[in-house]
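Trainee: Before I ask anything, let me first share the structure, which is written out below as structure tokens.
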């Protein structure tokens, strides 16, 4: 019985010793490791602004295509609490802001009943409406717009 206990202790101590050695080696190596970005994690690295937002209205390529967003929206809050798109595009504000009004379909609930405010099913504008940038195509595209 004592022999089994001694074997058990030895079997536990060997992996623990090896694990401790590996941690000590890793700590020593961390001082020599260079990052791929060439800077510390908390250091700001400036990146060139390569892709610029296409400004102005963009023509549609097919019937029923949602209009594309002709301005930046990266700082807009669009979540359950707020939708900054409505500050300009809701029917109550669009005239004085000189912005296109939302389609009346955005004011219909699931059963087709007219609402005074935007339907919850149309609340997240950027699910359908997206801004365009002058980025190169990631894959070859042979799409041709409909007539």
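Trainee: Cut-off is 10 Å between beta-carbons; in what order do 103, 59 appear when sorted fewest neighbours first?
Mentor: Numbers: 103 11, 59 8.
Final ranking by Cβ density, sparse to dense: 59, 103.
Trainee: Counting other C-beta atoms within 10 Å, which of 143, 124 has the fewest, and how do the rest follow? Walk me through the numbers before you get to the answer.
Mentor: On the way: 143 6, 124 14.
Arranged by neighbour count, lowest to highest, 143, 124 become 143, 124.
Trainee: Return 68, 86 ranked ascending by Cβ neighbour count within 10 Å, so the fewest neighbours appear first.
Mentor: Working: 68 16, 86 19.
Arranged by neighbour count, lowest to highest, 68, 86 become 68, 86.
Trainee: What is the Cα centroid distance between the stretch 57-85 and the stretch 105-126, reported in whole angstrom?
Mentor: 16 Å
Trainee: For the stretch 48-135, build the convex hull from the C-alpha positions and give me its volume per residue in Å³. Let's see the in-between values first.
Mentor: Numbers: hull volume 10.7 nm³, N = 88.
Taking only Cα atoms, the stretch 48-135 has a hull volume of 121 Å³ per residue.
Trainee: Pop the C-beta distance of residue 94 and residue 138 into the FRET formula with R0 = 35 Å and round what comes out to the nearest 0.05.
Mentor: Values: r = 35 Å, r/R0 = 0.99.
About 0.50, to the nearest 0.05.
Coordinate-derived values only; no laboratory data. A quick note: this is a predicted structure, and the numbers were derived from the prediction, not measured. As a convention, Cβ positions derive from the backbone with ideal geometry for all residues, glycine included, and neighbour counts pool all protein chains shown.
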